[in-house]
Amino acid sequence: MLIQADNVIKKYKNHVALDYFSLTMKEGEVLGLLGPNGAGKSTFIKTLVGLLPMEEGEITVFGMLQDGNNPELKRQIGYVTQEITIYEEMTARENLAFFGGLYGLKNPLLKARVEEVSEIIGLKDQLDKKAGSFSGGMKRRLNIGCSLVHKPKLLIMDEPTVGIDPQSRNYILSFVKRAQQEGMSILYTSHYIEEVEAVASRIVIMDQGHSIAEGTLRELISSLQGDAQILIDVRIAKEEVKEALAALRDVKEVALHNNTYQLIIPGGVVVFDQILPLLSPLGIVAINSKQPNLEDVFLTLTGKQLRDEVN
């Protein structure tokens with residue numbers, strides 16, 4: 001195992017951010033870590049890289065205990081933070097060289113790695129421009145580049161596409177796929193479920209400091225195959241009708257998004273004779289069935305919409 005986290009507990013005063021949280025990650029995979037705001041994703045990543053101590057539990061990376069004081073372990077990890085941590089008054093070349101130097105790289109190797117990484121992140125022609133003049137997407141790419149200069153075996157990407165344009169997002173997702181093909185192991189968190197669907201070879205869903213589900217995309221979706229999903233659009237939605245639907249014996253889950261009721265029904269159960277009397281007064285516009293995807297898995301397990309949360 002590349003990462004082995006066992007029963008990690010992390011508290012902030014009276015708040016338990018990680019509650020006996022466990023996670024494993026194999027070498028060479030892209031592990032997608034999903035969770036709503038406050039689930040503990042960023043806290044776990046900070047304990048994983050040694051920035052936060054834990055109250056209980058143990059984390060090993062590459063077989064080495066993570067205690068925050070292992071320089072060899074630090075050299076093996078690249079950490080792309082949510083916040084852009086480049087120096088805007090410095091050029092892209094200077095930023096890459098600075099962060100490479102922090103990991104002990106010296107010329108001529110440092111110079112060669114700066115050139116190599118600038119090619120990887122698509123900024124080779126912008127190396128001598130100040131980072132402050134870059135667009136948000138270019139800053140994000142430079143931020144990723146600074147975590148790659150020392151050639152880490154494990155890359156941790158915490159919300160790497162926040163606030164950027166679609167073109168830069170697609171570039172970053174393409175980079176993740178190429179990096180995995182070249183043997184890099186990547187832990188990837190995002191508030192965009194479609195990103196995790198696109199790049200992750202395995203997914204862990206966490207909520208309230210716990211790991212509540214894990215597996216490949218196919219395995220997680222298969223866990224819902226016994227249920228039918230019905231989407232009903234109405235002209236006027238009411239919260240009390242959602243509660244009435246949820247109280248029906250044959251309705252497993254109910255969610256309301258704008259004017260659409262989403263019902264999860266155990267497979268084979270006929271419920272229209274029960275739900276139509278409740279929904280008809282609201283003005284039914286359309287009724288559709290829906291194939292399950294990762295967002296449905298997430299909603300079923302957590303009762304929350306990931307996209308609506310802000311970390």
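The values are calculated or read from the model by the stated rules, or taken from the named source; none is laboratory data. Just so it is clear, the model here is predicted, and its values are computed rather than measured. Cβ placement follows ideal geometry from the backbone for every residue including glycine, while neighbour counts extend to all protein chains displayed.
Hey, among GLU58, GLU89, which residue is assigned by TED's automatic domain parsing to the domain that holds ASP158, part of a strand (DSSP E or B) and surrounded by fewer than 17 Cβ atoms within 10 Å (Cβ to Cβ)?
Residue meeting the stated conditions: GLU58.
Residues of the stretch 20-47 that are outside any loop (DSSP other than H, G, I, E, B) and among the polar types (S, T, N, Q): SER22, THR24, SER42, THR43, THR47.
Within the stretch 95-107, restricting attention to residues that are farther than 22 Å from GLU72 by Cβ and modelled with pLDDT of 95 or more, the residue that is farthest from the chain's Cα centre (by Cα) is ALA97. When LEU34 is tested against (1) more than 20 Å from ILE164 (Cβ to Cβ); (2) surrounded by 16 or more Cβ atoms within 10 Å (Cβ to Cβ), exactly one condition is not met: (1).
Yes or no, residue by residue, for (1) touching a Lys or Arg at 6+ places or on another chain (Cβ under 7 Å); (2) touching a residue at least 40 places away in the same chain (Cβ under 8 Å); (3) over 24 Å from TYR20 (Cα atoms):
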{"site": "GLU55", "(1), (2), (3)": "yes, yes, no"}
{"site": "GLU58", "(1), (2), (3)": "no, yes, no"}
{"site": "MET64", "(1), (2), (3)": "no, no, no"}
{"site": "ARG75", "(1), (2), (3)": "no, yes, yes"}
{"site": "ARG93", "(1), (2), (3)": "no, no, yes"}
{"site": "PRO108", "(1), (2), (3)": "no, no, yes"}
{"site": "GLN126", "(1), (2), (3)": "no, no, yes"}
{"site": "LYS130", "(1), (2), (3)": "no, yes, yes"}
{"site": "SER133", "(1), (2), (3)": "no, no, yes"}
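Of the residues making up the stretch 170-224, just one is modelled with pLDDT of 90 or more, crowded, with 18+ Cβ neighbours inside 10 Å, of a type in the set (S, T, N, Q) and outside any strand (DSSP E or B), namely GLN180.
Residues are listed down the side, and each one gets a yes or a no for (1) modelled with pLDDT of 90 or more; (2) within 23 Å of LEU51 (Cβ to Cβ):
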{"residue": "MET138", "(1), (2)": "yes, no"}
{"residue": "LEU148", "(1), (2)": "yes, yes"}
{"residue": "LEU154", "(1), (2)": "yes, yes"}
{"residue": "SER168", "(1), (2)": "no, no"}
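One residue stands out in the stretch 108-136 among those that are modelled with pLDDT of 95 or more and of a type in the set (Val, Ile, Thr): the one that is nearest to the chain's Cα centre (by Cα), namely VAL117.
Within the stretch 1-22, the only residue that satisfies the criterion of being surrounded by 20 or more Cβ atoms within 10 Å (Cβ to Cβ), out of contact with any Lys or Arg (no Cβ under 9 Å at 6 or more places or on another chain) and not small (Gly, Ala, Ser) is VAL8.
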